[in-house]
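Undergrad: There's a structure below that I have some questions on.
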Amino acid sequence: MGTYHSTRSRQQAVSARAAVRTGLAPDGGLFVSDELGSTKLDVATLAEKSYRELAVEVMGLLLPDYTSDEIAACVDEAYGDTFDADEITPVVPLAPRTGEAPDTPSYVLELFHGPTSAFKDVALQMLPRLMARTADEGAAGERIMIVTATSGDTGKAALAGFADAPGCAITVFYPEGKVSRVQELQMSAQEGSNVAVCGVRGNFDDAQSAVKLIFSDRALAERLGARGTVLSSANSINVGRLVPQVVYYFAAYAQLLRSGVITAGDAVEFCVPTGNFGDILAGYYARELGLPVARLLVASDKNNVLFDFLKTGTYDRRRPFYTTTSPSMDILISSNLERMLYHLSGGDCELVAGLMASLAETGSYTVPSALIERIRGVFDGGWADEDEVSAAIRDCWERYGYVIDPHTACGYHVLDALEPAPDARARVLLSTASPYKFPRAVASALGLEVPDDDFACMDTLAEATGTQAPRQLAELASKPVRFTDVAEIDELGAYVEQAAERFA
Ligand SMILES: *Cc1c(COP(=O)(O)O)cnc(C)c1O
């Protein structure tokens, strides 16, 4: 008996475990559950709960066929000493250095205290643990090979999550020479007996397309299957990545309750730097579970396809692609939007299937006007160009003495440009990466000298701001490089096959 089915059809119901194991529905849709929102969490009791207690409760509701013991074990493993903050995702105030505090105070929800200093750790520390408990959904002795193409952050977070995970192995492809030096070192120095990392001669889109071909290569799947390996994805379309992200919205609210900023029932506004729409969709799920969310603000960089969609009701990917200082938001096809369309259309699979077919065939779709109105009732948003990102980093430092990275800066710009929602008692900006992951862009925005070397630049940044680089980033400078493989675009399938053989 399953509660999950595809956004594009109800024909096949699967369990939450099967949804986690397979990632994507067979018809290309995303797994959703119609039970979302049928049970609410009691907001009045949130203040008493720790991050881990909230995680067990929220994830238990959304993944009903995992036992509570299983969820509790996953939570203990994922959110132990792998995070360097007691609150896991601490909330810090943006308090003006001088002058009066505004009527609606702003806070930053720091999501970057995990092992790779990016918010993806919150989900990618959890996904492997959830996956390891799905063995009964596969054949006896079956091994999962995770294959991921990355523009920088996802790859390292997935490697850190899946390194030595039971029953799993992982291969990561990144565009050679097109990720930051810190990002490349983070991946090439990855430890673990089941990991493979390979540079690709091409850009991220080339690598992503090649990985999609690997997933649809039947002959390859058969050869791998004969040796007991199935392929899966750690991409943010997996419900096992979405669900852990719902937790920190509750955790943020609980912290605001504890500090007396709000009382139970007060509405809070959240502003989210957005790419694939996973992080902000988790905020919508939190709202459906009863969290008093005033409004969800979608913040984009110069690739502002989501902003245009909110304004016009037309999603159109036929536009130039910009490479920015916020690479994890440089996305033209925002996959998780499909889930939002499903939920806000009242579960209209036929509509969603039609829109997605139109996107695949023509590169665009237009939603019915009643639907875009409903979407605007929950979401608003904005975007920042490169100069605005830079100005936001500087402004946040000058006004609040707080250093943000270029992704978070897109959110800062949007929050600053929009008046608070009338019912919001507090505003929360989700910070998705440590500024030390992007030291050059941040130092340059602050008007500092920018050394060529990323690690020297981290030192400059630390000295000028009195902050500290996360240990795991600073240590990279002296880590031995384990992987130096580089492959042509048409060799990636063979690379995965060899890796699978090595790990078998
Ligand atoms: C992935 C990522 C984002 C975008 O998150 P989505 O869930 O894809 O919207 C924003 N900032 C950083 C640093 C990221 O790594």
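Undergrad: Can you give me the long-range amide H partners of Gly202? Hydrogens built in the peptide plane at 1.01 Å from N, cutoff under 5 Å, separation of 5 or more residues or another chain.
TA: Glu176
Undergrad: Within the chain, what is the longest stretch that has no GluC sites (Glu not before Pro) placed in a DSSP loop and near at most 10 other beta-carbon atoms within 10 Å? Write down the numbers at each step before the final one.
TA: Working: sites that count: Glu100, Glu449.
The reported range is 101-448.
Undergrad: Using the Karplus equation 6.51 cos²θ - 1.76 cosθ + 1.60 (θ = phi - 60°), what ³J(HN,Hα) coupling, rounded to whole Hz, does each residue of the stretch 122-136 give in order, writing x for Gly and Pro?
TA: Rounded to whole hertz, the list is 4, 8, 7, 7, 8, 3, x, 5, 5, 5, 4, 9, 10, 3, 5.
Undergrad: Based only on other Cβ atoms within 10 Å, what is the fewest-to-most ordering of Tyr79, Tyr4?
TA: Working: Tyr79 22, Tyr4 25.
In increasing order of surrounding Cβ atoms, one gets Tyr79, Tyr4.
Undergrad: Something else now. Given contacts defined as C-alpha pairs under 8 Å and at least six residues apart, what's the relative contact order of the chain, whole-number percent?
TA: Working: 985 pairs, mean separation 100.1, N = 504.
Reported relative contact order: 20 percent.
Undergrad: Between Ser259 and Arg97, what length in nm is gained on full extension when 0.36 nm per residue of separation is reduced by their alpha carbon distance?
TA: Values: separation 162, 0.36 × 162 = 58.32 nm, distance 2.01 nm.
Here the segment from Ser259 to Arg97 would lengthen by 56.3 nm.
Undergrad: Further, regarding this structure: Work from the charge dipole of the stretch 80-179 (Cβ charges, +1 for Lys and Arg, -1 for Asp and Glu, about the Cα centre) and give the residue of Tyr107, Val91, Ala132 farthest towards its positive end.
TA: Ala132
Undergrad: Once label points are set 7 Å from the Cα along Cα→Cβ at both Ala219 and Ser364, what is their separation, rounded to one decimal in nm?
TA: Going by the 7 Å Cα→Cβ label model, 3.9 nm.
Undergrad: Right, something else. For the chain, which semi-axes, largest first and in whole Å, follow from the square roots of 5 times the eigenvalues of its Cα gyration tensor? Each step should come with its number before you reach the end.
TA: On the way: eigenvalues 202, 158, 105 Å².
With the √(5λ) rule applied to the chain, the semi-axes are 32, 28, 23 Å.
Undergrad: What is the local net charge at Leu476, summed over the other residues whose Cβ is closer than 14 Å to its Cβ (Lys, Arg +1; Asp, Glu -1)? Numbers along the way, then the final one.
TA: Working: positive: Lys156, Arg181, Lys437, Arg471, Lys479, Arg482; negative: Glu184, Glu191, Asp453, Asp454, Asp459, Glu475.
Its environment carries a net charge of 0.
Undergrad: So, one more: Take every DSSP beta bridge whose two residues both sit in the chain, then give the antiparallel share in percent to the nearest 5. Walk me through the numbers on the way to the answer.
TA: Numbers: 13 of 53 bridges.
That works out to approximately 25 percent antiparallel.
Undergrad: Just need the Rg to Rh number for the stretch 222-348, please, alpha carbons only, Kirkwood Rh. Don't jump to the answer; show the numbers that get you there.
TA: On the way: Rg = 17.6 Å, Rh = 16.6 Å.
The Rg/Rh ratio comes out at 1.06.
Undergrad: Another question, then. If r is the Cβ-Cβ distance from Ala226 to Asp490 and R0 is 25 Å, what FRET efficiency results, to the nearest 0.05? Mind showing how you got there, number by number?
TA: On the way: r = 23 Å, r/R0 = 0.92.
The calculated FRET efficiency here is 0.65.
Undergrad: At R0 = 25 Å, how high is the FRET efficiency between Thr82 and Thr467 if r is their beta carbon distance? Nearest 0.05 is fine. Don't skip to the end; give the middle numbers.
TA: Values: r = 21 Å, r/R0 = 0.85.
E(calc), rounded to 0.05, equals 0.70.
Where a number appears in this text, it was derived from the coordinates with a stated rule and is not lab data. Note that the coordinates shown come from a computational prediction; the quantities given were computed from them, not determined experimentally. Cβ coordinates were reconstructed from backbone atoms using ideal geometry, including for glycine residues, and neighbour counts include every protein chain displayed.
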